[in-house]
Amino acid sequence: MSINCSVYIAASFDGFIARPDGDIEWLHNPEYESPDKFGLSYDEFIATVDTLVMGRNTFEKVLSFSPWPYQGVPVLVLSSQGVEIPAHLKEAVRVDAGKPEEIVSRLESEGKKHLYIDGGVTIQRFLQAKLISDITVTQIPILLGRGLPLFGSIEFEIPLKHLESTSSSNGFVQSRYQVAYAA
């Protein structure tokens, strides 16, 4: 497969991407503002992405952001249920369903080369299907104690090859890994 599926996400030090109710306001703590550049910036990453693939719950959360954060990037929302796409996003967002392998195959047939996989359950499904090629996680210096886990329960071990780690003055630690699925 010639398509690259990447994860780029933030998580608490104890591995949660959101509070139990899906709240992510803890990510917007003023103490986390950092003027220094470190690691792979989001802007550098998103500039290489053809399509962002996310689950319905993540999409519904992102709809609350203003302005829409993915201007210029096609978004594919995975859902077996109906998803209401606001009129102003009808050209940028579409909905599809199916197994991760089917989704990747369809996008690859459209000429896509680099997919950004986002949302806890979606990331877990793509990992389980052995489709994720690299993972960038920025650890935020907070212990949430409970919440929605980044990786959850995966049915097999997934070896990772460390590419780099960097840190910022506000305590963020970003680590990048290549996924090395066992044969």
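May I ask you to derive the relative contact order of segment 86-155, considering only C-alpha pairs under 8 Å and at least 6 residues apart, and to give it as an integer percent?
34
Specify the inter-centroid distance of segment 150-183 and segment 1-69, based on alpha-carbon positions, in whole Å.
15
Give me the percent relative contact order of the chain, please, defined on Cα pairs under 8 angstrom at least 6 residues apart.
37
Can you tell me the dipole magnitude for segment 53-140 around its Cα centre, using point charges on the Cβ only (Lys, Arg +1; Asp, Glu -1), in Debye to the nearest 20?
I would put it at about 80 debye.
Taking the Cα centre of the chain as origin and charging only Cβ (+1 Lys, Arg; -1 Asp, Glu), how large is the dipole, in debye to the nearest 20?
So the dipole magnitude of the chain works out to roughly 340 debye.
What does the helix-only formula give at 222 nm for the chain: each DSSP H stretch with n ≥ 4 adding -39500 (n - 2.57), the total divided by the residues, and the result rounded to the nearest 500 deg cm²/dmol?
-4500 deg cm²/dmol
Using a/c under 1.5 as the rounded threshold, could you call segment 1-119 rounded, prolate or oblate? The axes a ≥ b ≥ c are square roots of the C-alpha gyration tensor eigenvalues, and prolate needs a/b larger than b/c, oblate otherwise.
Judged from the Cα gyration tensor, segment 1-119 comes out prolate (a/c at least 1.5, a/b above b/c).
Taking amide H positions as placed 1.01 Å from N in the peptide plane, with prolines and chain starts having none, which residues 5 or more places from residue 95, or on another chain, fall under 5 Å of its amide H?
77
Label residue 25 and residue 89 with points 7 Å out from Cα along Cα→Cβ: what is the distance between them in nm?
2.1
When the Karplus curve 6.51 cos²θ - 1.76 cosθ + 1.60 is applied with θ = phi - 60°, which whole-Hz ³J(HN,Hα) does each residue of segment 115-123 get, with x for Gly and Pro?
Once θ is set to phi - 60°, the couplings for segment 115-123 become 9, 9, 9, 9, x, x, 5, 5, 4 Hz.
Throughout, read-outs are computed from the coordinates displayed, never taken from laboratory work. Note that the structure is a prediction, hence the values are computed from the model and not measured. Note: ideal-geometry Cβ built from the backbone for every residue, glycine included; neighbour counts use all protein chains shown.
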